[in-house]
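Presented below is the structure to which this report refers.
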Amino acid sequence: MAEFAEPIARLIDEFKRLPGIGHKSAQRLAFHILRSAPEDAARLAAAITEVKTRITFCSVCHNLTDIDHDPCAYCTSPARDRRLLCVVEEPHNVFAIERTGEFKGLYHVLHGALSPLRGVGPDELRIRSLLERLRTLDITEVILATNPTTEGEATANYIGRLLKPIGVRTTRLAMGLPVGGDLEYADEVTLHKALAYRREL
Ligand SMILES: [Zn+2]
């Protein structure tokens, strides 16, 4: 097999580290960059650098936000219903819920789900700050929108038990969501229904 010049081989290797990118795709992307105008390649490089220097986690809800906007737009928007709090596993789940247009409340991102096998316990998740927020905010309902996986269910049940003594209404997304999947892959109608028919936990 012919060897690529070192910079190309390095770019291919970097692309291969991305999720879902195999050797062939990595090569195709690298050669696309090689063929593209210098300013296009520079724009891509700048976008990658900027996302790493400008994007941080909101100090309140732990969703992604610009370093100049902490707390984030959801936490500070006067248009959001501050009595509803939706708990999700990852920042991209916020976008999935937002796409339904069904939810207008606040968010709380856990940054994972309980997984004893992978050594993820309650202390690895943003659960303490969730309880802290519930103490300071006037929340009437917490929607546990963790993924419909074993870990997601375990996480929802764990948080549900923690919230019981607080007395806040706690609901879980209705079924209809593909079991074992990620909210990201649920179509909007399914997720819309799962939110609308959420059940008491
Ligand atoms: Zn926030």
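Among the residues here, GLU124 qualifies as surrounded by 13 or more Cβ atoms within 10 Å (Cβ to Cβ), out of contact with any Leu (no Cβ under 7 Å at 6 or more places or on another chain) and either closer than 20 Å to THR100 by Cα or not polar (S, T, N, Q) (or both).
Among the residues of region 45-68, those that are outside any strand (DSSP E or B) and surrounded by 13 or more Cβ atoms within 10 Å (Cβ to Cβ) comprise CYS58, VAL60, CYS61, HIS62, ASN63. Could you list, in sequence order, all residues of region 88-127 that are part of a helix (DSSP H, G or I) and away from the ligand (no atom under 16 Å from the Cβ)? Within region 88-127, ALA96, ARG99, THR100, PRO116, LEU117, ARG118, PRO122, ASP123, GLU124 meet the criteria.
FYI, it's all coordinate maths here, none of it is from the lab. What you see is a predicted model, and the numbers here were worked out from it, not measured in a lab. Every residue, glycine among them, receives a Cβ derived from its backbone with ideal geometry; neighbour counts consider all protein chains shown.
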